[in-house]
Amino acid sequence: MTTFYNNLKAVFAAVLVFTTCWQVSARDINVRGKVIHQATEEPLYGVSIFNADTDKLVGTTNDEGRYTVNVPSDCRLSFSVMGCQEKTVIVNGQLNIDVALEPKAKTLDEVVVKAKAITNALVTEPTDIMVKGNYLHVKTHVKVPHQLFSSSMRMIVQPSIYDVTSKTRKYMRPVVFDGRRYAITQERMYDWKPETDPLLPYVQIKKTGGRSDDVLTLQDSVFVDNPGHDFRCDIM
């Protein structure tokens, strides 16, 4: 009987050790880094960063291509942006992860609008960005990953014009998707006044998240003080 209890204690201790090790390995950590274009070595803005294990968006890169995300130390991070090959990296406890994304060929239904310089009156890129006087006119198609859509959330697709010369940004009209459950929740809030929502004119209702990506058409214009500067159109 004594031998049995000793063996049982040994097994129990082993389980405790295993459980403790698992908790340590799965702790959340802050991972920082920079994402660049492999060919040009320029920082990439608006790169979507997913936890590849849960397929959940955890962050994006800023104007300098930098990001900070809080994720489990043993997860995998997926970096995705239009115009580049998606790349997945194993975190493995690393606190700093720099990533270089390889370019990919464009397709007719997917136009990359990032880092397109405007130096003449007409841009000979498929983005159809034109300069008329002091106005920049933008018309493009953007593919939005299905992971960004959720029935219980609001998603905002925000295009903007970045003045590369003066390092300033101007925002254009957003496209707003309210998930079906999100919209119902808003309607049922007794103190909710739709007229106070500044995004109301841009709202579209999306019934489901779906499994396929959505291709959106964005068309807008913006006034700029110095049309002779270099510009690019970013979409967040």
**Report entry** region 182-187 - phi-based ³J(HN,Hα) in whole Hz, Karplus 6.51/-1.76/1.60, Gly and Pro as x
**Finding:** 4, 5, 4, 4, 4, 5
Query - Cleavage-rule hits (chymotrypsin sites (Phe, Trp or Tyr not before Pro)) in region 157-236: DSSP loop, at most 12 neighbouring Cβ within 10 angstrom - result: TYR190, TRP192
Requested in this report: Could you calculate the FRET efficiency of ARG169 with ASN92 from 1/(1 + (r/R0)^6), where r is the beta carbon distance between them and R0 is 35 Å, rounded to 0.05?
Outcome: 0.50
Query - Residues with amide H under 5 Å from that of VAL99, placed H, sequence gap 5 or more - result: LYS34, VAL35, ILE36
Query raised in the report: Which far-off residues, 5 or more places away or on another chain, put their amide H under 5 Å from the one on THR168, with H placed in the peptide plane?
Result: ASP163
Report task. Any chance you could run the full-extension gain for ASP28 through ARG188? It's 0.36 nm times the residue separation minus the Cα-Cα distance, nm to one decimal. Result -> 54.0 nm
Report task. Provide the per-residue ³J(HN,Hα) series for region 34-51, in order, calculated from phi with Karplus coefficients 6.51, -1.76, 1.60 and θ = phi - 60°, each as a whole number of Hz, with x at glycine and proline positions. Result -> 9, 10, 10, 7, 4, 6, 9, 6, 8, x, 9, 8, x, 6, 7, 10, 10, 6
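Readers should treat all values here as calculations from the given coordinates under stated rules, not as data from a laboratory. Since the model is a prediction, treat every value here as computed from it, not as a measurement. As a convention, Cβ positions derive from the backbone with ideal geometry for all residues, glycine included, and neighbour counts pool all protein chains shown.
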